[in-house]
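Engineer: Below: one structure in structure tokens.
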Amino acid sequence: MSDPIASVLSNVAPLLLSDVLISRRQQKEAIRQKRVRLAEDVERELLALHLLMRYYEQSPEYSRKVAIHLRSLAELKRTSGHLVPRGWVHTFEGVRASVGEALGIVGAASWSRDLGDYEIEPYSQEWQEKSEVYIAYISRRFATWGLNPTDRAAKKLRPLQFDAWLAEREKSPFTRF
């Protein structure tokens, strides 16, 4: 006569293994969906910032609008930063730095409570354009990654840090980033 425990295990083990595999697949899909939503949310905030930088007017109202989107990006980083691909977290600071360079102290004061010892220049149209282009570059990276939010795709699309992007742009001003 066969062992009843072995018989039960031989019947139950495949079911348990199947449940584990299904659970892992569901977990991967749930993470993928969260990454897609994050990419969409970041892209939406970046597109709004891009438009604000393109048509920026030196006024407190515009600075407040910029501040709203920068705070939204900071909140996305705080709540979902763990979903951002490795090596991409710098993009949030890069966008903020590019906006700070463009808008100067008046703009920065509306979205940063602690300016510390930073020397922020006054508003600059040249830096406004650089900020607008950098934001569009980061937005495109998030949009593309959102279509295939895998680590492998993220490595291929890894965006440059703001300073590195500026250096590359200076070397090749006609290259589209």
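Engineer: What pairs can you find where one residue is in segment 40-64 and farther than 15 Å from Ile135 by Cα, the other is of a type in the set (Phe, Trp, Tyr) and surrounded by fewer than 18 Cβ atoms within 10 Å (Cβ to Cβ), and their Cβ atoms are less than 6 Å apart, with a gap of 6+ or different chains?
Structural biologist: Gln58/Tyr123
Engineer: I would also like to ask the following. Can you tell me how many residues in segment 123-162 are more than 12 Å from the chain's Cα centre (by Cα), of a type outside the set (Gly, Ala, Ser), assigned to a helix (DSSP H, G or I) and under 25 Å from Tyr62 (Cα atoms)?
Structural biologist: Going through segment 123-162 one residue at a time, the tally reaches 10.
Engineer: Shifting gears a bit: Out of Ile31, Ile22, report the one residue that is modelled with pLDDT under 90, among the hydrophobic types (A, V, I, L, M, F, W, C) and surrounded by 10 or more Cβ atoms within 10 Å (Cβ to Cβ).
Structural biologist: Ile22
The values are calculated or read from the model by the stated rules, or taken from the named source; none is laboratory data. In this text the structure is predicted, and so the values were computed from the model without any measurement. Note: ideal-geometry Cβ built from the backbone for every residue, glycine included; neighbour counts use all protein chains shown.
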